[in-house]
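The values are calculated or read from the model by the stated rules, or taken from the named source; none is laboratory data. Not measured: the values here are computed from a predicted model. Glycine gets a Cβ as well: all are built from the backbone with ideal geometry, and neighbour counts include every protein chain shown.
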């Protein structure tokens with residue numbers, strides 16, 4: 001079983017839609033949960049992270065963690081064409097290893 | 001400008017010909033790491049380094065070597081490349097080992113092994 005599983009997409013939505021991106025993980029010891037955004041032909045960049053359970057909001061983006069079901073989500077409100085990218089969930093473990101999901105490619109149509 | 005640089009950005013080589021991909025960061029970060037990205041598999045960690053002369057294996061270390069002789073540099077060495085090492089490679093660095101420390105990624109090196 002992979003440490004992190006992610007819905008592969010691709011996902012295509014109209015501008016202004018609410019987008020939901022999801023991952024599941026296997027190890028209940030994981031504490032930090034991250035979302036990276038990767039534009040085409042670029043390296044990933046950190047979007048936001050959460051610690052333990054709960055929600056964290058940053059502008060149009062909300063990260064949510066449900067540790068009871070080992071489920072993490074990223075919501076994008078009022079999606080824009082500039083949000084078109086691949087989104088990767090990532091989980092650091094023991095401070096030095098990182099497990100990434102396979103990525104969900106999002107296309108926001110004008 | 002704070003950044004992670006990788007060279008070369010694109011490389012086509014043949015099986016068995018040793019190659020090195022360089023990685024350098026100018027942020028005085030302690031932690032550096034190498035990943036490969038393949039369709040459907042996402043980013044997989046190859047090796048990481050927590051400081052000078054301290055390196056350890058990630059999930060897919062077979063066929064790769066690394067060294068960390070200086071804090072800013074973390075080269076990836078393929079001593080005898082094979083076609084299954086054709087991939088997109090990313091180097092990353094982060095300030096330390098705190099759980100929420102951001103990883104900064106380089107622009108990537110696209111390697112093709114014929």
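Please work out which residue is nearest to residue A:18 (Cα to Cα), limiting yourself to region A:52-67 and to residues that are under 14 Å from the mean Cα position of the chain (by Cα) and within 14 Å of chain B (Cβ to nearest Cβ).
At the first step, the residues of region A:52-67 found to be under 14 Å from the mean Cα position of the chain (by Cα) are A:55-58, A:60-66.
Next, from what is left, pick out any that are within 14 Å of chain B (Cβ to nearest Cβ): A:56, A:58, A:63, A:65.
Details: A:56: 16, A:58: 15, A:63: 13, A:65: 18 Å.
Filtering first and then ranking leaves A:63.
Starting from region A:1-13, keep only residues that are at positive phi, then list their pairs with residues that are surrounded by 15 or more Cβ atoms within 10 Å (Cβ to Cβ) whose Cβ atoms are within a distance under 9 Å, requiring at least 6 positions of separation or different chains.
A:9/A:21; A:9/A:86; A:9/A:87; A:9/A:103; A:9/A:104; A:9/A:105; A:9/A:106
Would you check which residues across region A:7-36 are at pLDDT 95 or above and within 11 Å of another protein chain (Cβ to nearest Cβ) and list them?
Across region A:7-36, the qualifying residues are A:23, A:36.
Going through region B:82-110 one residue at a time, which ones are over 19 Å from residue A:92 (Cβ atoms), more than 7 Å from every other protein chain (Cβ to nearest Cβ), in contact (Cβ under 8 Å) with a residue 40 or more places away in the chain and assigned to a loop (DSSP other than H, G, I, E, B)?
B:82
Conditions (1) surrounded by 17 or more Cβ atoms within 10 Å (Cβ to Cβ); (2) closer than 16 Å to residue A:22 by Cβ, marked per residue:
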position	(1), (2)
A:69	no, yes
A:74	yes, yes
A:79	yes, yes
A:86	yes, yes
A:91	yes, yes
A:95	no, no
A:102	yes, yes
A:107	no, no
A:110	no, no
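Could you please tell me which pairs satisfy a Cβ distance under 7 Å, a separation of 6+ or placement on different chains, a first residue in region A:82-96 that is more than 11 Å from chain B (Cβ to nearest Cβ), and a second residue that is surrounded by fewer than 17 Cβ atoms within 10 Å (Cβ to Cβ) and at pLDDT 95 or above?
A:84/A:107; A:85/A:39
Quick check, is residue A:102 within 14 Å of chain B (Cβ to nearest Cβ) and assigned to a loop (DSSP other than H, G, I, E, B)? Even if it seems obvious, please write down each step before you answer.
Values: within 14 Å of chain B (Cβ to nearest Cβ): yes; assigned to a loop (DSSP other than H, G, I, E, B): yes.
Considered against the rule, which asks whether it is within 14 Å of chain B (Cβ to nearest Cβ) and assigned to a loop (DSSP other than H, G, I, E, B), residue A:102 comes out as yes.
Residues that are under 20 Å from residue A:2 (Cβ atoms), at least 3 per element: which strands (runs of 3 or more DSSP E) completely within region B:12-76 meet that? Before the answer, list the steps.
On the way: elements: B:19-25, B:31-38, B:42-51, B:54-57.
So the answer is B:31-38, B:42-51.
Could you check how many residues of region A:37-59 are at pLDDT 95 or above, in contact with a strand residue (DSSP E or B) (Cβ under 6 Å, 6 or more places away or on another chain) and more than 25 Å from residue B:90 (Cα to Cα)?
Qualifying residue count, region A:37-59: 0.
With the structure loaded, tell me whether residue B:4 is without any contact (Cβ under 8 Å) to a residue 40 or more places away in the chain and either crowded, with 16+ Cβ neighbours inside 10 Å or away from chain A (no Cβ under 12 Å) (or both) or whether it fails that test.
Working: without any contact (Cβ under 8 Å) to a residue 40 or more places away in the chain: no; either crowded, with 16+ Cβ neighbours inside 10 Å or away from chain A (no Cβ under 12 Å) (or both): yes.
Against the criterion (without any contact (Cβ under 8 Å) to a residue 40 or more places away in the chain and either crowded, with 16+ Cβ neighbours inside 10 Å or away from chain A (no Cβ under 12 Å) (or both)), residue B:4 does not qualify.
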